[in-house]
Amino acid sequence: MEKTLNNKAWFLVLPVLVLVAFSAVIPLMTVVNYSVQDTFGNNQFFWAGTEWFQELLASSRFWAAIGRNLVFSGIILAIEVPLGILIALNMPRKGWGVPVCLVLMALPLLIPWNVVGTIWQVFGRTDIGLMGYYLNALGINYNYVQNPIDAWVTVIVMDVWHWTSLVVLLCYAGLVSIPDAFYQAAKIDGASRWAVFRYIQLPKMQRVLLIAVLLRFMDSFMIYTEPFVVTGGGPGNSTTFLSIDLVKMALGQFDLGPAAAMSLVYFLIILLLSWVFYTVMTNYDSGR
Amino acid sequence: MLELKGVTKVVGADTHINAVDLTLQHASLNVLLGPTLSGKTSLMRLMAGLDVPTSGSIWFDGVNVTGVPVQKRRIAMVYQQFINYPAMTVYENIASPLRVAGVDSAKINKEVRRAAELLKLAPYLDRTPLNLSGGQQQRTALARAIVKNAGLVLLDEPLANLDYKLREELRAELPKIFAESGAIFVYATTEPSEALLLGGNTATLSQGRVTQFGPTIDVFRRPRDLVTARTFSDPPLNTIVLRKSGASFLLDGGVNLPVPSELKGIADATYTVGFQPHHLSLKRPNREAVSVTAKVKVTEVTGSESFIHLDFADVHWVMLAHGIQVFDPDQTIEVFIDPRHLMVFDEAGRSAETIQARAA
Amino acid sequence: MASIELDHIRHAYAGPSKAATVYALKEIHYTFEDGGAYALLGPSGCGKTTLLNIISGLLHPSHGRLRFDGRDVTELSTQERNIAQVFQFPVIYDTMTVYDNLAFPLRNRGVTESEVDKKVRETLKMIDLADWADRKARGLTADQKQKISLGRGLVRSDVNAILFDEPLTVIDPHMKWVLRSQLKQLHQRFGYTEIYVTHDQTEALTFAQKVVVMFEGEIVQIGTPAELFERPKHTFVGYFIGSPGMNLMPVDIQGKNARLGSQSIALPGAPKTAGESKLELGIRPEYVRLGREGMPISVTKVEDIGRHKIVRAELEGRSLAAILGEDDDIPAEPKVRFDPAGINIYADSWRVEMGA
């Protein structure tokens, strides 16, 4: 089926091509264009060459933001993947509990990013927020507006709350596809719970886990809305991730050229890291 | 008439189908016989138009249909899995291709009832497929393929998921169903016995090549090469590599196998001699039969017959003997080879008959 | 290895119930002897898999006890029963090597590595995979994978029985022959207690010393392949075993004669009937002799299947199948005789003995 059978079929993909052109290709080209020029408004542009890129790569602010992103993605993956697997393993495989669990799991995924941000922003407030108020009432000094660690914890908990479900659902799909005979054979072989997980469930979940890790990595690396709503990048710059920094630069300071250069570098980093993840995991998969 | 001319299908580095020429007539039953991954399904997909050949062309009734998609051809398919619309009744399932074609309901009713009668589904028309046995589900899928009035009906191991006895019943009915339809039927199977029971024509497949095509029993009795003979043999073909000298093949221990009279003319050389398990017997079948001694490995009894696995020199043979014959493992017994049914292949694997015919 | 005693075993899937009809497995009381090779044969839904799962411990029977060598194991888990099982689809640990697959059950039981190595090497030789020890199990062919499944059972010295659940389903015909004879040889050499579930008569008959024919949750007959072939106790066995199955035709019995329409068939003895409503004569196609003498038939179809021909005909308006040799032809005015050795009489579907 790798050849076209009917040339008219191309017309069916035309709307998508147009859409992608407007939403991705043209903006990307614009960004490339901006990244090598300087502007002072009035539609006047001057050739800047690689100046913005050099400046960017030399700036500590940029590296700090990247560092924050990597740490954030690392923490998110380290929590969400094992937690997601754990929940998926403990979900029922038949009976009335299945639809109940699936709906519960799907719920957080249905809430828009900014709403999730708002929920946690209110939830964590020390004056009126359920969590913030009672944590302080219990003697735990919690304030995400002032304390960078609290801000981080809030953003991470929020992301875990929002996205672990995705990992759960993917892993669950992998788990239910394992035939009963495998579990029976494991029983007969006297395998422990851990051995069943290590030698049956994990290998069978590998493909979906790859997808889960990729999606969660890309998404968390590009995180913007939730921390923007909750912390606005603060306190200080403690939760200023690349995307937030980018918006600050482009819209707050209207430094179009540096912002464009940064977008491109950001884009390339995500592309590169995703590619690395993908090849490493698929090689791991086929190389054994 | 469906014609495949030099059809080749290459996917990546693998050649799935290798230069296949095949001509199938209307109102014929054609079996594609070969082991798993020999190219049966790939070939069917090409015939259906689900895939486009890398090279070569496919013609239907004189029209080049290479690259014409499946929905524009009159094709019906039945798979190993029982594929029906689970929410529809059996009646609606069978009627579905006619409804799509916009046939009026009086004619649909007539066609559906006729097909249901033919496939013994009449009592179940109001049920949904999931309330039927596996055999009935597959009958429903077959009925749907039949009413479609397709020029080409492709059946990909349709009985593989059924119980042995259900398989036997449906298989006995299939030739009659095919004969009434007038379409070209293509039936893929891994089992030589199934091909023999279905009759019709058989194309043997091996590694993406059609090694031989012809009336089923002819292909079985006179395979053109060793690969075909092996593909079309269940129990496996017994073989032994022997040197021909004059009118005999030299066996171990000074015993000679007479060269079949029609092959007397072939050159003295090394040949692979093959014979079917039922041409090895415990009793002397005729005067020319040659007696050899072999060591019993295992005896399997089916009630009416016994399969006796034997070691002779360095080869392993299976004998199909009538009745119940039980021997102890490692027992040495005398068996007879019937030279009238020998198949002889040269070192390239071509049958000696073919070589001789070509030389003449 | 052990004997397996089924002591009044019954099973209903929805738990114990009053109505006998809902039992997926009706009462079974039988002992599989130590070292025997048994096959459970029947169509889908006959209860053969239910019975296998009860033996392996995946199902707890609603009634009755299960004993291995006299020891009650009904309440024991699958693990504690020390059985081995080969499933329909190969179950292997993909990520492990062939060696590690075989070592797995031993390591799980805390066997020392030197002992593991000895047993695994030994087993690899038995199943003919010694050269494949260090290969990853996932790349192997279906028949090799099935041998690994089997090997994981053979490697344990404490195994009570080996259970097979339609193990040849995904194997190509040619490999079936090889694998089947290897299974048989392993049994000959080591004398395991083996139970083999299948719907395929050839597999059941060739594998087993005794075949248990099941139908609708009941055992219809237990016998050697020869017994099942020559003396089917029930018409279902006659139909289910043999290809084609047994010819059955309604008859009237008068002493040592059976009347079929206008024909009279001499019986080897007088059937001991007791006024049953339905009397049938059963004869396998292998015992129908086609020739110039006997009862006239009209041939409807001849299927040449290579090693012999199956002749489909009509006798007194009843369909009849006969087997004809490869090189034999059908005479111009075909007639049939029934070999008395192959005649069985059935009253209400159950076989009746014939007196002298």
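The values are calculated or read from the model by the stated rules, or taken from the named source; none is laboratory data. This one's a predicted model, so the numbers in the text were calculated from it and none came from an experiment. Methodologically, a virtual Cβ is constructed for each residue, glycine included, from the backbone with ideal geometry; neighbour enumeration extends over all protein chains shown. We work out accessible area using only protein heavy atoms, side chains counted, and drop any ligands, DNA or RNA first. Shrake-Rupley method; radii C 1.70, N 1.55, O 1.52, S 1.80 Å.
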Handout entry: Positions within the stretch A:151-171 being at pLDDT 90 or above and either in contact with a Gly (Cβ under 6 Å, 6 or more places away or on another chain) or open to solvent by less than 20 Å² (accessible area, probe 1.4 Å) (or both), in sequence order
Key = A:THR164, A:SER165, A:VAL167, A:VAL168, A:CYS171
Practice task
Being open to solvent by 70 Å² or more (accessible area, probe 1.4 Å) and either within 14 Å of another protein chain (Cβ to nearest Cβ) or at pLDDT below 80 (or both) is the filter here, so list the residues in the stretch C:21-43 that pass it.
Solution key: C:THR21, C:VAL22
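Residue-by-condition table, conditions (1) within 24 Å of B:LEU33 (Cα to Cα); (2) buried (at least 16 other Cβ atoms within 10 Å of the Cβ); (3) of a type in the set (Lys, Arg):
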site: B:VAL100; (1), (2), (3): no, no, no
site: B:ALA106; (1), (2), (3): no, no, no
site: B:LEU125; (1), (2), (3): no, yes, no
site: B:ASP156; (1), (2), (3): yes, yes, no
Problem - Output for the stretch C:153-165, where each listed residue is of a type in the set (Gly, Ala, Ser) and open to solvent by 20 Å² or more (accessible area, probe 1.4 Å) - result: C:SER157
Exercise for the section: State whether the residues of the stretch B:134-142 include one that is at negative phi, at pLDDT below 90 and open to solvent by less than 30 Å² (accessible area, probe 1.4 Å). Expected result: yes
Fill in the blank from the handout: Restricting attention to the stretch C:268-291, the residues that are surrounded by fewer than 21 Cβ atoms within 10 Å (Cβ to Cβ), touching a residue at least 12 places away in the same chain (Cβ under 8 Å) and part of a loop (DSSP other than H, G, I, E, B) number exactly 9
Fill in the blank from the handout: Heads up, the helices (runs of 4 or more DSSP H) in the stretch A:152-248 (entirely inside) with at least 2 residues that are within 14 Å of another protein chain (Cβ to nearest Cβ) are A:180-188, A:193-196, A:202-221
Problem - Search result, residues across the stretch B:316-356 that are assigned to a strand (DSSP E or B), open to solvent by 30 Å² or more (accessible area, probe 1.4 Å) and either farther than 30 Å from B:ASP268 by Cβ or away from chain C (no Cβ under 11 Å) (or both) - result: B:HIS322, B:THR332, B:GLU334, B:ARG350
Handout entry: Selected residue [touching a residue at least 24 places away in the same chain (Cβ under 8 Å), within 14 Å of chain C (Cβ to nearest Cβ) and aliphatic (A, V, I, L, M)] from B:LEU142, B:LEU159, B:LEU125
Key = B:LEU159
Completion exercise
Of (1) within 13 Å of chain B (Cβ to nearest Cβ); (2) within 25 Å of B:VAL326 (Cα to Cα); (3) open to solvent by less than 60 Å² (accessible area, probe 1.4 Å), C:TYR239 satisfies every one except (3)
Practice task
Please determine, by comparing only the residues of the stretch C:106-125 that are within 29 Å of the chain's Cα centre (by Cα) and surrounded by 19 or more Cβ atoms within 10 Å (Cβ to Cβ), which one is farthest from the other protein chains (Cβ to nearest Cβ).
Solution key: C:LEU124
Exercise for the section: For C:GLN144, indicate whether it is at pLDDT 90 or above and closer than 18 Å to C:VAL197 by Cβ. Expected result: no
Handout entry: Lone unmet requirement of (1) under 18 Å from C:PHE87 (Cα atoms); (2) assigned to a helix (DSSP H, G or I); (3) open to solvent by less than 10 Å² (accessible area, probe 1.4 Å); (4) free of Cβ contacts under 8 Å to residues at least 60 places away in the same chain for C:LEU168
Key = (2)
Problem - Filtered residues of the stretch C:78-87 (kept if within 7 Å of chain A (Cβ to nearest Cβ) and at pLDDT below 90) - result: C:THR78, C:GLN79
Exercise for the section: Among the residues of the stretch C:130-150, count how many are assigned to a loop (DSSP other than H, G, I, E, B) and within 13 Å of another protein chain (Cβ to nearest Cβ). Expected result: 3
Problem - Selection status of B:LYS295, open to solvent by 10 Å² or more (accessible area, probe 1.4 Å), at pLDDT 90 or above, over 29 Å from B:GLU347 (Cβ atoms) and not hydrophobic (A, V, I, L, M, F, W, C) - result: no
Practice task
Considering only the stretch B:276-315, state which residues are of a type in the set (Asp, Glu), at the interface with chain C (Cβ under 10 Å from one of its Cβ atoms) and without any contact (Cβ under 8 Å) to a residue 12 or more places away in the chain.
Solution key: B:GLU300
Practice task
Go through the stretch C:300-356 and tell me which strands (runs of 3 or more DSSP E), entirely inside it, have 1 or more residues that are within 14 Å of another protein chain (Cβ to nearest Cβ) and open to solvent by less than 30 Å² (accessible area, probe 1.4 Å).
Solution key: C:308-315, C:318-325, C:343-347
Fill in the blank from the handout: Selection from the stretch C:180-223 of residues open to solvent by 30 Å² or more (accessible area, probe 1.4 Å) and facing chain B (nearest Cβ under 8 Å) yields C:LYS184, C:GLN185, C:GLN188, C:THR202
Exercise for the section: Considering only residues that are more than 27 Å from A:ASN147 (Cα to Cα) and open to solvent by less than 10 Å² (accessible area, probe 1.4 Å), look in the stretch A:224-268 and name the one that is modelled with the lowest pLDDT. Expected result: A:GLY257
